[in-house]
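Student: One structure follows; several queries about it will come next.
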Amino acid sequence: AGTAYEFTAGASPPTATLPIDYEWQATGLDPQSDSGGLASLASFTWATAGPKEVTVSASNGGPAFTQTHDLTICQALTAVRIDGPGTGVVNTPLSFTLTLTPGTGTGALVYTWSPAPGSGQGTAEATYTWSAEGSQVINVTVSGCGGLSEVQDDHTIDIVSDKIRVYLPVVLRNY
């Protein structure tokens, strides 16, 4: 969406009588989009995602011949953010979710978490459980628009012990 796409029409046979007039039409156009006029080349820009149709009619004074091209315009992703805790406890499941910009892409979105989560690979929500203390890094890549749009993010989480440490002696006064 928001990108100008060029379309070219060609008459057959190449020896067709000139001049040939072309008339272009497209569904769901951005109001600022060029309509292509009577030339064999047209440029169209769509502001919104979804299925679209471009039709060209060619005529050299006789009957017009018409060809239609169907296409899908998608909304490209510009960013992804991993939302979740910054600290976790060993052996405790922790959930992470994604926020996409714009709010949704179009077409099939492919989610790839790394390292692979305990559950949620291929979705916008994942659950991780770590068995050892230390700093961990989660990465996610989201691909959309048939692979034409790809964004990624990293999230660092510190995993701490689940043990409570008490140092003796403990002296409480005036308690």
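The values are calculated or read from the model by the stated rules, or taken from the named source; none is laboratory data. These numbers come from a predicted model, not from an experiment. Areas reflect the complete protein model, heavy atoms only, side chains present, ligands, DNA and RNA absent. Shrake-Rupley method; radii C 1.70, N 1.55, O 1.52, S 1.80 Å.
Student: What accessible surface, in Å², does a 1.4 Å probe find on residue 154, ignoring ligands, DNA and RNA and rounding to the nearest 10?
Tutor: Probe radius 1.4 Å; accessible area of residue 154 about 90 Å².
Student: Counting only C-alpha contacts under 8 Å and six or more residues apart, can you give the relative contact order of segment 1-136 as a whole percent?
Tutor: Over segment 1-136, the number comes to 18 percent.
Student: Then there is this: Convert each backbone phi in segment 77-82 into a coupling constant with the Karplus relation 6.51 cos²θ - 1.76 cosθ + 1.60 (shift: θ = phi - 60°), then list the ³J(HN,Hα) values in order as whole Hz, x for Gly and Pro.
Tutor: 6, 10, 6, 9, 10, 8
Student: What do you reckon, how do 142, 56, 137 stack up by accessible area (1.4 Å probe), largest on top?
Tutor: In descending accessible area the options line up as 137, 56, 142.
Student: From the list (1) 28.4, 107; (2) 21.4, 75; (3) 33.4, 121, can you say which value of Rg and Dmax of the Cα atoms in Å was derived from the structure given?
Tutor: Identified label for the calculated read-out: (1).
Student: In whole Hz and in residue order, list the ³J(HN,Hα) couplings for segment 86-92 that follow from phi through the Karplus curve 6.51 cos²θ - 1.76 cosθ + 1.60, θ = phi - 60°; x for Gly and Pro.
Tutor: Along segment 86-92, the couplings run x, 9, x, 10, 3, 6, 10 Hz.
Student: Please turn the phi angles of segment 57-67 into ³J(HN,Hα) values with the Karplus equation 6.51 cos²θ - 1.76 cosθ + 1.60 (θ = phi - 60°), one per residue in order, whole Hz, x for glycine and proline.
Tutor: Using θ = phi - 60°, the values come out as 10, 10, 8, 10, x, x, x, 7, 10, 10, 10 Hz.
Student: Next question, about the same structure. Taking all protein chains together and a probe of 1.4 Å, list 100, 41, 18 from the most accessible to the least accessible.
Tutor: Accessible-area ranking of 100, 41, 18, largest first: 18, 41, 100.
Student: Could you provide, to the nearest whole Å², the per residue accessible area of the chain with probe 1.4 Å?
Tutor: 63 Å²
Student: Can you pull the Kirkwood radius for segment 82-175, inverse mean 1/r over Cα pairs, to one decimal in Å?
Tutor: Averaging 1/r across every pair of different Cα atoms and inverting gives 15.3 Å.
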